[in-house]
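For reference, the structure discussed in these notes is given below.
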Amino acid sequence: MNNGEYRYTRYIWMQFKKNKPALISLYVFIFLVIISLLSDLIANRQPLYAKYRGRNFFPAFETFFRKTMTDSTINPINHKYEKLQYDITDWRALPLEHVIWAPIPYSASETDKFGMDYVSPGTAQQYMDAKGNIVLSPYILKHHLGTNRIGQDVTSGLIHGTLIALKVGLFSMAIAAFLGIILGGVSGFFGDYRLKISRGAFIMAIPGLFFGIFYGFIVRYDVLKNAFETNVFIGTVQLILSLAIATFFVSLFVYLWRILKKIKFFSGKIFVPMDIIILKLIEIFDSIPPLLFIITFSALFVNKSLALVIIIIGVLFAPQIARLTRTEFIRIRMLDYIQSARALGIGNMRIIFRHILPNALAPVFVALAFGAATAIIAESGLSFLGIGVPADTVTWGSLLSYSRDNFNAWWMVVFPGMAIFITVTMFNLIGEGLREALNPRSKF
Amino acid sequence: MLQYIARRILLFIPALVVISLIAFIINTEAPGDPAARLVNASIGLTESYKMDRQKIVDQKRKELGLDLPVFYFSIGSFDQSGASLHSWKKYVPVIHFYGTENQYHKWVSGIILHGDFGTSYVTQLPVTNEILSHLPWTLLLTFLSTLLAFGISIPIGMYAAEKKGCFFDKFSSVGLFILFSLPNFFVASMLLVFFANPQFFGWFPESGVQDVVSFNDNWSLWMKIEHWAPYLVLPLITYTYSSFAFLSRQMRAGALEIFGQEYITTARAKGLPEGSVLWKHVFRNSLAPIITAFASAFPVAVTGSIIVETLFSIPGMGREIYQALLNYDYPVIVAVFMIIGLLSLTGYLVSDIIYALTDPRVSFSKK
């Protein structure tokens, strides 16, 4: 603390830095993020730069933003235009005058005709050159970590799989945090005896719920079903729309209770036991082992997608976050500064968001870091079994599953497995580091 | 006390109802028509049946009760025919009550009264028999691996906690952390590639539980066990290592917390031998989290078995679930879902009650 300024985040960072494995993991994480963002430039079948018929092309860069980029050249023999669609052109077969290949000159899902049936790393490999001859691959065109049964390059699969693994870890935890903090916050803050609403509003909420469910879900049943069958994302959007309609009806009816206000019975107050309701919900969710839940739900959808897996993992992880948030909220709610905030007349919302939430997040962050590791294991386990992501998506888990057909292909186990292991350990170590740094009892 | 247990059991019922509802929703919302699938599986799609196929399907549907209303009541449109899509009648809600003649009631009472989970689409056999016939292998593996995991992890955790900071503690912490982060399908594949493969070390048979040719049903039990043993080594390692890592870490953390308590200092100060302090005072008090882990051991093991049994081709429940998933065999999926949900809930109930019985700090009254 040089200039006497004492900031909590800085203190945490100082603590975190002292934990060497955690710090190294953080660097590994940043490294993985960079790899996943640049994966199309690191591993791509299209060259970074090519000179062809006197013209300069930068295919890998140009398709970075537009997948179906096309261009054309003039054939010098018959002076005709020839179209080049970058992502389907076989650049290796073109007589390029000058070329700079990507560091890994294969795309993840590309199947190399000359590298099929488990080419092991280090052996002599072949490819077809521009003249149509099958020759030994030069060093740059080799499959350094081997290929799988259908000739996909393992190195490229690992690099492109990074993005998927990080997506699964981070997005699913974002969903879990969003749902979990809301649920846990509500149940912890209001408890069983703090959310008071008038009896009239409570009674009116029941027909509100009835109409809400009818107009939100039953009238729109076919719309919802179709949306989920086409795409999970569209389905989620429609689901949110339905929820909004339902919420609208409930609030409309709750607002209407003012009509009943005149009658004394209806203006009496009752408690809504938020805590018990939410705790029961959490317990029910917890009672089903997550893997079984994920598997069962992905079985409901014939169209597989990564988004579905991410959403299911996120929703399944939410109860854990909710429970942590709830405990913290209950602890903080009793502290003096909240009492004084309330005495000052500050509203519930402001107390929740400005005064409690920032102080309640520490254990949530720790759980999220560990959760990301669990999510990645879950997703790769599903891909390994072939029931998680679509069959044409290359992930670490799906690469690993090729070892089931051929036990001699040790590289199909070791490399993807190590990738999963390193990422998982990294998240676990970051979690461990965060836990120590955020623990007020640890020595500074 | 009794009141606490009674309240706990009362809260158990709504959770069970919700799980049954989720399972039922999966059952009804699953793609495909169950009656048609069952008929297809039994008679095939041959030409000669094409004429009265629809009739057979309708008959099957009646038999399965699929023509009944879905639930006790339904909220539907005033206009049920659906003929006029955009008429105002579509937007007027109506509640129908059906009484007990509905699919959910039939399904649930079938499970409660007869343990009937329906018929598998693939094998045409009752799901209950199907699951029961596959259960022994899963139970055997679960039992052995739980025994192993607890047998190894408790001494390791206790020893590491007692000698905190020494070489063994540091070494085992790092080792357990690594084991904990290793996904089980990775470990299983590694074992298969390196220890069940003649190219490296072909020490163990690669899959299944018995040799098709040499296995004889008339063997004595001991000979059978001798025959099965090598097949079970690799699956057992995979089953055990992760729960063992988890339990050891848990045990160490729990024991460390107890070591810091004042009554341990007191116990030492009054001259109790270290062994007595360790096992009587520390061990017993640090058991609580392990009891919880034990309660959820079985459901977790069954889901863990999906990957292990599939990889090692062990004819247990996990492999059964996997096959059901690949074939979209929903009755089996739903049955397993229900059974595991029930088992977990019971596990939580039992562990809560054990907790309350052993730990005087658990309060029985409302705060």
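The values are calculated or read from the model by the stated rules, or taken from the named source; none is laboratory data. Not measured: the values here are computed from a predicted model. Heads up, the Cβs are rebuilt from the backbone with ideal geometry, glycines too, and the neighbour counts pull from every protein chain shown.
Residue pairs, Cβ under 8 Å, 6 or more apart or interchain, first in segment B:162-179 and closer than 19 Å to B:V282 by Cα, second of a type in the set (G, A, S). List them. Here the result reads B:E162/B:A255; B:D169/B:A160; B:D169/B:A161, each pair linking segment B:162-179 to a residue that is of a type in the set (G, A, S). If I filter segment B:330-345 down to residues being within 9 Å of chain A (Cβ to nearest Cβ) and in contact (Cβ under 8 Å) with a residue 60 or more places away in the chain, which single residue comes out as surrounded by the fewest Cβ atoms within 10 Å (Cβ to Cβ)? That would be B:L342. The condition of being within 33 Å of the chain's Cα centre (by Cα), loosely packed, with under 15 Cβ neighbours inside 10 Å and of a type in the set (A, V, I, L, M) holds for only one of A:I35, A:I30, that being A:I30.
Taking the conditions exactly as written (part of a helix (DSSP H, G or I) and more than 13 Å from chain A (Cβ to nearest Cβ)), does B:T240 satisfy them or not? Considered against the rule, which asks whether it is part of a helix (DSSP H, G or I) and more than 13 Å from chain A (Cβ to nearest Cβ), B:T240 comes out as yes. Among the residues of segment B:149-193, the one identified as within 14 Å of chain A (Cβ to nearest Cβ), among the hydrophobic types (A, V, I, L, M, F, W, C) and outside any helix (DSSP H, G or I) is B:L182. Checking the stated criteria, A:P390 turns out not to satisfy the condition of being surrounded by fewer than 18 Cβ atoms within 10 Å (Cβ to Cβ), more than 12 Å from chain B (Cβ to nearest Cβ) and without any contact (Cβ under 8 Å) to a residue 40 or more places away in the chain.
The residues of segment B:3-24 that are of a type outside the set (F, W, Y), closer than 24 Å to A:L300 by Cα and surrounded by 15 or more Cβ atoms within 10 Å (Cβ to Cβ), listed by number, are B:A15, B:L16, B:V18, B:I19, B:S20, B:I22, B:A23.
With respect to (1) surrounded by fewer than 24 Cβ atoms within 10 Å (Cβ to Cβ); (2) within 11 Å of chain B (Cβ to nearest Cβ), the lone exception for A:T423 is condition (1). The condition of being away from chain A (no Cβ under 14 Å), assigned to a helix (DSSP H, G or I) and closer than 30 Å to A:L292 by Cα holds for only one of B:L278, B:L247, B:L234, that being B:L247. Within segment A:358-372, the presence of at least one residue that is farther than 21 Å from A:I313 by Cα, in contact with a Gly (Cβ under 9 Å, 6 or more places away or on another chain) and more than 8 Å from chain B (Cβ to nearest Cβ) is confirmed.
Checking the condition without any contact (Cβ under 8 Å) to a residue 12 or more places away in the chain, among the β-branched types (V, I, T), in a helix (DSSP H, G or I) and crowded, with 19+ Cβ neighbours inside 10 Å, which residue from A:I294, A:I284, A:I313 passes? Step by step, each of A:I294, A:I284, A:I313 is checked, and only A:I284 is without any contact (Cβ under 8 Å) to a residue 12 or more places away in the chain, among the β-branched types (V, I, T), in a helix (DSSP H, G or I) and crowded, with 19+ Cβ neighbours inside 10 Å. Selection of segment B:311-323 for residues being at the interface with chain A (Cβ under 8 Å from one of its Cβ atoms) and either surrounded by 24 or more Cβ atoms within 10 Å (Cβ to Cβ) or not in a helix (DSSP H, G or I) (or both) yields B:L311, B:I321. Identify, please: which residue in segment A:356-410 is within 30 Å of A:R331 (Cβ to Cβ) and aromatic (F, W, Y) and is, among those, nearest to the chain's Cα centre (by Cα)? The qualifying residue nearest to the chain's Cα centre (by Cα) is A:F370. Quick one: is A:V223 surrounded by 17 or more Cβ atoms within 10 Å (Cβ to Cβ) and at pLDDT below 85? No, not satisfied.
Checking each residue in segment B:117-166 for being over 18 Å from the mean Cα position of the chain (by Cα) and among the small types (G, A, S) picks out B:G118, B:S120, B:G151, B:S153, B:G157, B:A160, B:A161, B:G165. Quick check: anything in segment A:61-71 in contact with an Asp or Glu (Cβ under 8 Å, 6 or more places away or on another chain), among the β-branched types (V, I, T) and surrounded by 15 or more Cβ atoms within 10 Å (Cβ to Cβ)? Within segment A:61-71, one or more residues are in contact with an Asp or Glu (Cβ under 8 Å, 6 or more places away or on another chain), among the β-branched types (V, I, T) and surrounded by 15 or more Cβ atoms within 10 Å (Cβ to Cβ).
Checked against (1) within 14 Å of chain A (Cβ to nearest Cβ); (2) under 30 Å from B:I306 (Cα atoms); (3) in a helix (DSSP H, G or I); (4) among the hydrophobic types (A, V, I, L, M, F, W, C), B:L256 passes all but condition (2). Helices (runs of 4 or more DSSP H) fully within segment A:163-267 that include at least 1 residues being β-branched (V, I, T): A:199-213, A:221-230, A:232-256. For segment A:132-153, taking the residues that are touching a helix residue (DSSP H, G or I) at 6+ places or on another chain (Cβ under 9 Å) and farther than 28 Å from A:S398 by Cα, the one that is modelled with the highest pLDDT is identified as A:I134.
Of the residues making up segment A:138-151, those that are assigned to a loop (DSSP other than H, G, I, E, B) and surrounded by 19 or more Cβ atoms within 10 Å (Cβ to Cβ) are A:K142, A:H143, A:L145, A:G146, A:N148. Contact annotation: residue pairs with Cβ atoms under 7 Å, 6 or more positions apart or on different chains, pairing a residue in segment B:7-32 that is more than 9 Å from every other protein chain (Cβ to nearest Cβ) and of a type in the set (G, A, S) with a partner that is in a helix (DSSP H, G or I) and surrounded by 12 or more Cβ atoms within 10 Å (Cβ to Cβ), are B:S20/B:V108; B:S20/B:M338. Residues that are buried (at least 21 other Cβ atoms within 10 Å of the Cβ) and in a loop (DSSP other than H, G, I, E, B) within segment A:38-48 comprise A:N44, A:R45, A:Q46, A:P47, listed in sequence order. Has segment A:122-133 got at least one residue that is surrounded by fewer than 20 Cβ atoms within 10 Å (Cβ to Cβ) and either part of a helix (DSSP H, G or I) or in contact (Cβ under 8 Å) with a residue 40 or more places away in the chain (or both)? No, that holds for no residue. Among the residues of segment A:292-330, those identified as within 14 Å of chain B (Cβ to nearest Cβ) and charged (D, E, K, R) are A:K304, A:R323.
When the residues of segment A:65-120 are narrowed to those that are part of a strand (DSSP E or B) and polar (S, T, N, Q), which ends up nearest to A:N148 (Cα to Cα)? Among those residues, the one meeting the criterion is A:Q85.
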